[in-house]
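Heads up: the structure comes next, in structure tokens.
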Amino acid sequence: MLDSTNRHRCAAAFVVVLLTASFAARASGAADDVADEVRKVEQRRVEALTTRDYTTLDNLLGDDLTYTHSNGRFQTKAQFLASLRSGDLEYRLMQHADVQVHPYGDTAVMTGRSRLKVISKAHPLDVPIRFTLVYVKRAGEWQMVAWQSAPLQNP
């Protein structure tokens, strides 16, 4: 049988375990909420990209964007938007799969695969890729600041 001191120690340990579990569950729920929020912003970006809604796209892309295409070509935000507006590059389809979102405070890293149908300088391409992108929350809004993709050999 436990004496009074040991009962108090067991009760205190139990309270610590409950509080730790509660904080962990709350942190996990917050991370899930952020991941869902970022997924929705990414859906808006993909829709804006494939419907040529450059105003929305301009708002969802950070001014410091680095965009590395699957062929290794690098563009700034201004260069990327200019190639879209000129018609040199047109996204017809961007279909993500196996997406994972890892939130880190006001930053979120998203990874996954995607199937792209694009027109690049009048040449249609159907490209399966693996991608990594980064969103940062600024003034309460998520903006994509980095995109990097690589072609998949065996999708």
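Side notes on the structure shown:
- Residue check, TYR91 closer than 18 Å to LEU57 by Cβ, aromatic (Phe, Trp, Tyr) and over 12 Å from the mean Cα position of the chain (by Cα): yes
- In the stretch 63-142, counting only strands (runs of 3 or more DSSP E) that sit wholly within it, the ones holding 2 or more residues that are in contact (Cβ under 8 Å) with a residue 12 or more places away in the chain and surrounded by 16 or more Cβ atoms within 10 Å (Cβ to Cβ) span 89-104, 107-120, 123-138.
- Condition broken by SER149, with the remaining ones in (1) farther than 28 Å from ALA30 by Cβ; (2) assigned to a helix (DSSP H, G or I); (3) in contact with a His (Cβ under 8 Å, 6 or more places away or on another chain) satisfied: (2)
- Hey, THR56 in contact with a strand residue (DSSP E or B) (Cβ under 7 Å, 6 or more places away or on another chain) and not acidic (Asp, Glu) or not: no
- Count of residues meeting criterion [hydroxyl-bearing (Ser, Thr, Tyr) and in contact with a Ser or Thr (Cβ under 8 Å, 6 or more places away or on another chain)] in the stretch 67-114: 7
- Residue match in the stretch 2-25 (condition: over 21 Å from the mean Cα position of the chain (by Cα), surrounded by fewer than 16 Cβ atoms within 10 Å (Cβ to Cβ) and modelled with pLDDT of 95 or more): no
- If you filter the stretch 143-155 down to residues that are of a type outside the set (Gly, Ala, Ser) and in contact (Cβ under 8 Å) with a residue 60 or more places away in the chain, you find that the one that is farthest from VAL46 (Cα to Cα) is PRO151.
The values are calculated or read from the model by the stated rules, or taken from the named source; none is laboratory data. As the structure is a computational prediction, the values presented were derived from the model and not from experiment. With ideal geometry, Cβ positions are generated from the backbone for all residues, glycine too; neighbour counts draw on all protein chains shown.
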